[in-house]
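Since the structure comes first, as structure tokens, the remarks are kept for the end.
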Amino acid sequence: MYTEMEFLRKMPTPAELKDQYPAGEKTAAVKEARDREIREVLEGKSDRLLLIIGPCSADHEDAVIEYILRLRSVQEKVAEKILIIPRIYTNKPRTIGVGYKGMLHQPDPEKKEDMLKGIIAIRELHKRAVEETGFTCADEMLYPENHRYLSDLLSYVAVGARSVEDQQHRLTASGVGIPVGMKNPTGGDISVMMNSITAAQSGHTFLYRGWEVKTQGNPYAHAILRGYVDKFERNIPNYHYEDLQHLFEEYEKRGLKNPAVIIDTNHSNSGKQYLEQIRISKDIMHSCKVSSDIRGLVKGLMIESYLEDGDQKVGGGCYGKSITDPCLGWEKSERLIYELAELL
């Protein structure tokens, strides 16, 4: 029998959760400094490469923190060339709506969903990352209404390929106050992504969390190329020289602020062959050397990486191994970061 949704319990507001789990002045200072550094890259004032790197989905707090602590020591060695933004993706979009949906839904992947524990868990994880590593991190804005739970901790958000055409995502992106990467849709239509960037860079008045809100527009909304799937369900990459040149021309036509692209080296760009991320990253660096226009446009890479190579099923028991998409293990990731620094 068909029934309407069942209301289980009322969640705390973002303000209430922030009061209960405060970030503190030191964290606020770290975020302010990090936000400034990232903006300078997107504005072209710094020629460093943004590297948004980490697990496909944050699944276990201790493993994620251990991974990010390792990134910290690497960051110090490549600081002149690369600015690392760790991925802590706490909600996972699912193509057909089933499977592990991330820490927000299941703070313990082997237990039942608990959204209240999940909201607390993701705030605590992001807070711990800043406090213990000095990194403010990136997350996916899968649910726009949840952004405020983490707004004092995040330095970057991405709008996914399945969300990029959604009005609420676009309008919310216009007012989050940090850079937002808009992915091309799964079907590959670049105009959809560019329309989304245009909308996010514009000001709006709209309803958000029960409020009428007004935004001035986000000049740091930009493109993420992640490949696409054609009508025959084949993975088609869009990181090649010609793709980047075409995107550069699209930016020129539209006159958008701070033209920028981050290239996702996994997903359809790699055909989900995670080891290909190494070759793809270097291929992009070669395109940057060939064309100054492309080098000016390419502001960074997005790489899926964790402590161990590959992936496993939920409950697989391997510490630091992805339970969603396969990732590069730590040794390969560390080596790749140093190689990228040499190529810049």
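Report yes if some residue within the stretch 305-316 is within 17 Å of Ile224 (Cβ to Cβ) and either surrounded by 14 or more Cβ atoms within 10 Å (Cβ to Cβ) or touching a residue at least 24 places away in the same chain (Cβ under 8 Å) (or both); otherwise report no. So far as the stretch 305-316 goes, yes, one or more of its residues are within 17 Å of Ile224 (Cβ to Cβ) and either surrounded by 14 or more Cβ atoms within 10 Å (Cβ to Cβ) or touching a residue at least 24 places away in the same chain (Cβ under 8 Å) (or both).
All of (1) under 30 Å from Asn146 (Cα atoms); (2) exposed (fewer than 11 other Cβ atoms within 10 Å of the Cβ); (3) not small (Gly, Ala, Ser) hold for Ile224 with one exception: (2).
Selection over the stretch 10-20 of residues that are surrounded by 13 or more Cβ atoms within 10 Å (Cβ to Cβ) and part of a loop (DSSP other than H, G, I, E, B) gives a count of 3. Scanning the stretch 160-171 finds one or more residues that are part of a loop (DSSP other than H, G, I, E, B), under 14 Å from Ala138 (Cα atoms) and touching a residue at least 60 places away in the same chain (Cβ under 8 Å). Taken together, the criteria place Gly181 among residues that are surrounded by 24 or more Cβ atoms within 10 Å (Cβ to Cβ), of a type outside the set (A, V, I, L, M) and in contact (Cβ under 8 Å) with a residue 60 or more places away in the chain.
On the stretch given as the stretch 84-122, residues that are part of a loop (DSSP other than H, G, I, E, B), touching a helix residue (DSSP H, G or I) at 6+ places or on another chain (Cβ under 6 Å) and either surrounded by fewer than 19 Cβ atoms within 10 Å (Cβ to Cβ) or not hydrophobic (A, V, I, L, M, F, W, C) (or both) total 3.
So, in the stretch 258-281, of the ones that are out of contact with any His (no Cβ under 9 Å at 6 or more places or on another chain) and part of a loop (DSSP other than H, G, I, E, B), which residue ends up nearest to Pro219 (Cα to Cα)? Step by step, filter the stretch 258-281, then rank; the result is Thr265.
Can you tell me which residue within the stretch 292-325, out of those that are among the polar types (S, T, N, Q) and assigned to a strand (DSSP E or B), is farthest from Ile278 (Cα to Cα)? Only one residue fits best here, namely Ser322.
Please tell me if Asn218 is in a loop (DSSP other than H, G, I, E, B), of a type in the set (S, T, N, Q) and buried (at least 22 other Cβ atoms within 10 Å of the Cβ). Here the answer is yes, as Asn218 does meet what is asked.
Taken together, the values in this text are just the output of simple stated rules run on the coordinates, not laboratory data. Just so you know, these numbers come straight off a predicted model, no measurement behind them. Because the Cβ atoms are built from the backbone with ideal geometry, glycine has one as well, and the counts that use them run over all protein chains shown.
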